[in-house]
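Step one of this worksheet: look at the structure below.
The values are calculated or read from the model by the stated rules, or taken from the named source; none is laboratory data. Just so you know, these numbers come straight off a predicted model, no measurement behind them. Reconstructed Cβ throughout: ideal geometry from the backbone, glycine too, with neighbour counts over all protein chains shown. Note: areas computed on protein heavy atoms with side chains; ligands, DNA, RNA excluded. Shrake-Rupley method; radii C 1.70, N 1.55, O 1.52, S 1.80 Å.
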Amino acid sequence: MRAASVLAAEEANNPLIPHPFELVVGIFSFAVVMIVLGRILVPRLQKTLAERTEAIEGGLVRAEEAQKEAQQVLDQYKAQQKAAAVEASNERRKAEEQGAQIIAEAKEKAQAEARKIVEDAKKQIEAERQQALQSLRAEIGTMSVELAGRVVGESLEDGARQSRVVDRFLEELESRARTQEQVQS
């Protein structure tokens, strides 16, 4: 019996089996802790978690809005850049056209000035030629009058007579020159 009493004593002192008073106090304490946690701590934790979730979702929404706004700004920038490139191309084309027009006008003006200079030079040459012809005629006339006077032996100092003799002499020279040109051509 001793063995049975030892066994009964061992069961009574078994550390794995709680004492009924401790079991009731433990259950009561656990229930109080669960009530306190369930009524006070859990709602506060849920409120804090909800606020954090809201803050995170709000941050995500704000980030998406900021990203959309940044994309709009980028699109506007690209559109402005394209418009500026088109405008620069148009300005460059206009400048090239104006440059070509200015060059054409300058060439035209230079050609007009060159024609005017050539015409003025021709007029001046013609005037100098006429002046030289008149001077030569006068000299040839004087020489021919002197020569004719020596050949004829009389004085040809009369103006009308001199003029007729000079004119006849010059006409003969001109007709000879024309005849020579016709023969040569």
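With Kirkwood's inverse mean 1/r over C-alpha pairs for Rh, give me the Rg to Rh ratio of the range 20-170, two decimals please.
Radius of gyration relative to Kirkwood radius: 2.08.
Taking the range 20-170, how many lysine pairs are there with alpha carbons less than 29 Å apart, if each pair must be eight or more places apart or span two chains?
Value for the range 20-170: 11.
Given a 1.4 angstrom probe, what's the average accessible area per residue across the range 20-170, in square angstrom?
So the range 20-170 comes to 88 Å² accessible per residue, rounded to a whole number.
Label points 7 Å out from Cα along the Cβ direction at GLU87 and ALA112: separation in nm?
Once both label points are built, they end up 3.6 nm from each other.
Of the heavy-atom accessible surface of the range 20-170 (probe 1.4 angstrom), what whole percent is carbon and sulfur?
Ligands and nucleic acids excluded, carbon and sulfur give 59 percent.
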